[in-house]
């Protein structure tokens, strides 16, 4: 078993059994296999991936609500953090949102191969989901390495119900991005963001920005990509 994964899970009072360790490891196998033919990850070293993909995902566990939850992974890409979270928290129903068809197809294969009955994949854009019947139906929305925080606010906050939260995994530019996202966060029902330092080997600049949902989001948002035209809410 991977002791780092156990340590990270334990921070959230989660105990990973042998089957979960096996699935997490097999997920990395699938990711590397697929990465040979498509761009899913720049990390090609196994030991680094165990920390920077699996370990990084597990740092979210202490900020997830206890009990059954519905979680959206926005811009899931190769499945991080959504797939590791689905493995570690089988009581979470996880929707992987990935509009690139090849990546979405990989996520479907990985969920099937790993027998993750609590995972669903959609090739829709987050903007479209935010204007559908699934608006404000998620307990948590997470995003990693997707976009700046002003864009993430527009894409993620409308997905989450009041009392839920958005968890944005960010790097050293988080402090610069927060002021630019203030207007969008307020318009979309978000409360005061809280920045949590990530305790992970080699991740000195990593943070998790937690945005609580305290009100309803402006129904005009999220905008379709054609309407937004590359201009975030400022």
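Structure values in brief
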quantity: For the stretch 58-136: rounded, prolate or oblate by the Cα gyration tensor [a/c cutoff 1.5]; calculated: oblate
quantity: Within the stretch 3-222, percent of DSSP bridges classed antiparallel, to nearest 5; calculated: 35
quantity: Label-to-label distance, nm, for residues given as residue 25 and residue 203 (7 Å Cα→Cβ offset); calculated: 2.1
quantity: Two-site label geometry, residue 112 and residue 4: point separation in nm, points 7 Å out along Cα→Cβ; calculated: 3.2
quantity: Part-to-part distance (alpha-carbon centres) for the stretch 1-54 and the stretch 107-159, which is given in Å; calculated: 20
quantity: Rounded tilt (10° steps) of 18-35 against the dominant C-alpha axis of the chain; calculated: 70
quantity: Backbone N within the stretch 1-41 under 20 Å of label point (7 Å from residue 91 Cα along the Cβ vector); calculated: 6-21
quantity: Coordinate range along principal axes, alpha carbons of the stretch 160-215, Å, largest first; calculated: 36, 22, 13
quantity: Degrees separating the helix 101-113 axis from the principal Cα axis of the chain, which is the longest one; calculated: 50
quantity: Size descriptor, Kirkwood hydrodynamic radius, that averages inverse alpha-carbon separations across the stretch 71-187, Å; calculated: 14.3
quantity: Share of alpha-carbon pairs per 5 Å distance bin for the chain, given as whole %; calculated: 1, 7, 15, 20, 21, 17, 12, 6, 2, 0
quantity: Cα extents of the stretch 129-234 along the three principal axes, largest first (Å); calculated: 40, 29, 20
quantity: Average projection area in nm² (convex hull over Cα atoms of the stretch 1-102, one quarter of hull surface); calculated: 6.2
quantity: Net length gained if the chain between residue 17 and residue 183 were fully extended (0.36 nm per residue, minus Cα distance); calculated: 55.4 nm
quantity: Footprinting exposure proxy for 51, 140 (fewest neighbouring C-beta atoms within 10 Å first); calculated: 51, 140
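Every number here is computed from the coordinates shown, using simple stated rules; none is lab data. Just so it is clear, the model here is predicted, and its values are computed rather than measured. Backbone-built Cβ (ideal geometry, glycine too); neighbour counts: all protein chains shown.
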